[in-house]
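The values are calculated or read from the model by the stated rules, or taken from the named source; none is laboratory data. These figures come from a predicted structure and were not determined experimentally. Virtual Cβ from ideal backbone geometry, glycine too; neighbours counted across all protein chains shown. Ligands, DNA and RNA are excluded from the accessible area calculation, which covers all protein heavy atoms including side chains. Shrake-Rupley method; radii C 1.70, N 1.55, O 1.52, S 1.80 Å.
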Amino acid sequence: AAAAASARAPVAVATVTVEEEPAQQGELEASVSVAAAEIETASFQELDEDYTVKELREELRRRDLPVAGSKAELIERLLHAEAESPE
């Protein structure tokens, strides 16, 4: 069995790079700025109901904050950051 395992052909790995079009980037930035404004006035329950984990992580990345954890942890981190924001 060991000889058969070592005789397997190597596996090829392909990397695909996806580049966004400038128009898509502008739309993304606009939606992020709208989301940021909404988060400033939102409560934990509103964020939990209205935002996906992906959206919360995008907002945390925009603020250079850690993006690992459960949805509740992400919301808490975002609300904490918002409370500390001087704006």
### Message
Show the residue pairs meeting these rules: Cβ distance below 9 Å; 6+ apart or different chains; first residue within the stretch 58-76 and on the phi > 0 side of the Ramachandran plot; second residue assigned to a helix (DSSP H, G or I).
### Response
69/76; 69/77
### Query
Is there a residue being at pLDDT 55 or above, acidic (Asp, Glu) and either in a helix (DSSP H, G or I) or open to solvent by less than 80 Å² (accessible area, probe 1.4 Å) (or both) anywhere in the stretch 13-35?
no
